[in-house]
Amino acid sequence: MFTMRFDLRAPAIGAPAPQLYQTALEMASWGESQGCLAVTVCEHHSSPDGYLPAPLTLCAALAARTTTLPIFVAALVLPLYDPIRLAEQMVVLDILSNGRISYVAAVGYRPAEYELFGVDFARRGKIAEEKLRLLLRAKSGEPFEHEGRRLQVTPQPVTAGGPTLFWGGASAVAARRAGRHGLGFFAQKAAPGLQQAYEQAAQEAGHQPGFAFLPPPDLPTTVFVAEDVDRAWEEIGPHLLHDAVSYASWNEADQRTDTTTASLSFATTVDELRAENRSHRVMTVEEAVELARGGQTINLHPLVGGLPPEIAWRYLRIVADRVMPALA
């Protein structure tokens, strides 16, 4: 009843990037053998701590090291990609993984990333709309015409219609885009009206509304399970705080006002982050078992903030040795 997420930040307080990348592959293989539900990889660019900028490359390695484990990319910043080239990469990964890789695409929110790729941040919504229409047609493997060109992405994907794609975001615009294109919707928050906007747009476009994930504000998104919670906060706390502070710095416009985005914290100290008991949590074995028995997933982020692998493995093994047997 657990998932793992990797963004592979490698700040100065943590392990070096080569060690973290290798460990992520090892952990994915281990997770598959321990009943991990899925692995998620993330995408950001121009981050001082080296946040994973090439999730599809990592997906290829993860797919080669596992056989049944579902892999999610969340979120793919679509306006930064050529949609035809992206469709080709997705199809090859679909074949390589036997259909195990799914994607959440979104417009992103960091102007610096758009500047890196020479894409107009002010036009990101329009660009996303244009590229999404093209990507959905291209990834199917079927021939089509676009602006006078006859296009077909080959080889044929394993998944009918091409790899599974969702749309993500935190606004009604994002919800309507997902519905309009017949995609499932991954929200960043359970804001009022998002579900209705999604369903209405889908129905108006002739689609049956699909899966919509709207996380509650108290959803634990970065979890560790420990025998001694106090000791764990001393050991892991600086790495958890690096994660929280880094995301907060990218969302300064929402500083101290956004209390609904599940993964976002504006804590400035380890003690504050712990006291929030919201996005970043260290749980006892009993708390983790209770969470899972209540129908929630234990969302692990084992290498958060560049946490050294020898430390990360100790906490993962508590999940395997103590939590999973209690749920069997």
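The values are calculated or read from the model by the stated rules, or taken from the named source; none is laboratory data. Not measured: the values here are computed from a predicted model. Here the Cβ positions follow ideal geometry from the backbone for every residue, glycine too, while neighbour counts run over all protein chains shown.
Brief remarks follow.
- Among helices (runs of 4 or more DSSP H) entirely within segment 53-145, having at least 3 residues that are closer than 22 Å to Ala174 by Cα and modelled with pLDDT of 95 or more singles out 83-97, 111-117, 124-138.
- Test result for Phe144, assigned by TED's automatic domain parsing to the domain that holds Ala74 and either β-branched (Val, Ile, Thr) or without any contact (Cβ under 8 Å) to a residue 24 or more places away in the chain (or both): yes
- The single condition from (1) closer than 25 Å to Arg177 by Cβ; (2) over 13 Å from the mean Cα position of the chain (by Cα) that Leu76 fails is (2).
- Each residue in segment 183-214 was checked for being touching a His at 6+ places or on another chain (Cβ under 9 Å), part of a loop (DSSP other than H, G, I, E, B) and buried (at least 17 other Cβ atoms within 10 Å of the Cβ), and 1 pass.
- Every residue from segment 2-20 that is surrounded by 18 or more Cβ atoms within 10 Å (Cβ to Cβ), out of contact with any Asp or Glu (no Cβ under 7 Å at 6 or more places or on another chain) and on the phi < 0 side of the Ramachandran plot: Phe2, Thr3, Met4, Arg5, Phe6, Asp7, Gly14, Ala15, Leu20
- Scanning segment 97-125 for residues that are in contact with a helix residue (DSSP H, G or I) (Cβ under 6 Å, 6 or more places away or on another chain) and either surrounded by fewer than 16 Cβ atoms within 10 Å (Cβ to Cβ) or not assigned by TED's automatic domain parsing to the domain that holds Val39 (or both) returns Pro111, Phe117.
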